[in-house]
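Some notes on the structure that comes next.
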């Protein structure tokens, strides 16, 4: 019998895991947790019990394969990220809220809001990073970034389930980095947009 404090820590880590990983690999985390629960390696809270349903596992598995391929193709990965802005963030919020329960309460709403914020941070950091990488035409950097994200998510799942305190500390650091990166990327894009008219004027003058 685990002490209540440990159970609470695990629940918080699970909510943070779902929110964080959804911004990087939504379908992979759903598939991995669903299979783990189906095989009896993980006890999911009631609000997430549906993840172990064969239909959910099957759908997530197919989408894992599609995303694995799409994420390795320069240009297509950014298009995939753009479309999934409308999928990952609400899904991350709902999955995080599911840890708090299967009823609409103040706790589930608060958990969902925090979860959606974390998912948005990781998603936009990922999408911004891929946009920068895609300025180079060679595919090796895309493959390396994609495989690294796969490994980070799988490793994060293991750490969250086995060492929740370590995972929560790591997520806090990661979220701080994401916030810095999103701000830095916004400034980069703004500077590029400012320079574009000046460059066009110089080319027309020459």
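Quick notes on this one:
- Selection status of residue 111, surrounded by 15 or more Cβ atoms within 10 Å (Cβ to Cβ), in contact with a helix residue (DSSP H, G or I) (Cβ under 7 Å, 6 or more places away or on another chain) and within 17 Å of residue 20 (Cα to Cα): yes
- The lone exception for residue 73 - which of (1) farther than 22 Å from residue 162 by Cα; (2) assigned to a helix (DSSP H, G or I); (3) out of contact with any helix residue (DSSP H, G or I) (no Cβ under 6 Å at 6 or more places or on another chain) it fails: (2)
- Matching residues, region 117-142, being farther than 18 Å from residue 187 by Cβ and not in a helix (DSSP H, G or I): 134, 136, 137, 138, 139
Each row is one residue, and each column tells you yes or no for (1) modelled with pLDDT under 95; (2) surrounded by 15 or more Cβ atoms within 10 Å (Cβ to Cβ).
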residue	(1), (2)
6	yes, no
11	yes, yes
23	yes, yes
47	yes, yes
54	no, no
68	yes, yes
80	yes, yes
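- Applying the set (1) in a helix (DSSP H, G or I); (2) closer than 20 Å to residue 51 by Cβ; (3) over 16 Å from the mean Cα position of the chain (by Cα) to residue 104 leaves exactly one unmet item: (1).
- Single residue of 166, 183, 175 found to be touching a residue at least 24 places away in the same chain (Cβ under 8 Å) and under 19 Å from the mean Cα position of the chain (by Cα): 175
- Residue in region 121-130 that is surrounded by fewer than 17 Cβ atoms within 10 Å (Cβ to Cβ) and either in contact with a helix residue (DSSP H, G or I) (Cβ under 9 Å, 6 or more places away or on another chain) or more than 23 Å from residue 86 (Cβ to Cβ) (or both) present: yes
- Any chance residue 95 is assigned to a helix (DSSP H, G or I) and buried (at least 21 other Cβ atoms within 10 Å of the Cβ): yes
- The residue pairs whose first member lies in region 57-74 and is in contact (Cβ under 8 Å) with a residue 60 or more places away in the chain, whose second member is part of a loop (DSSP other than H, G, I, E, B), and whose beta carbons are closer than 8 Å, counting only pairs six or more residues apart or on different chains, are 72/139; 73/139; 74/134; 74/137; 74/139.
- Residue selection: residue 90 satisfies the criterion of being in contact (Cβ under 8 Å) with a residue 24 or more places away in the chain and either at positive phi or within 18 Å of the chain's Cα centre (by Cα) (or both).
The values are calculated or read from the model by the stated rules, or taken from the named source; none is laboratory data. As the structure is a computational prediction, the values presented were derived from the model and not from experiment. Quick reminder, even Gly has a Cβ in these numbers, built from the backbone with ideal geometry, and neighbours come from all protein chains shown.
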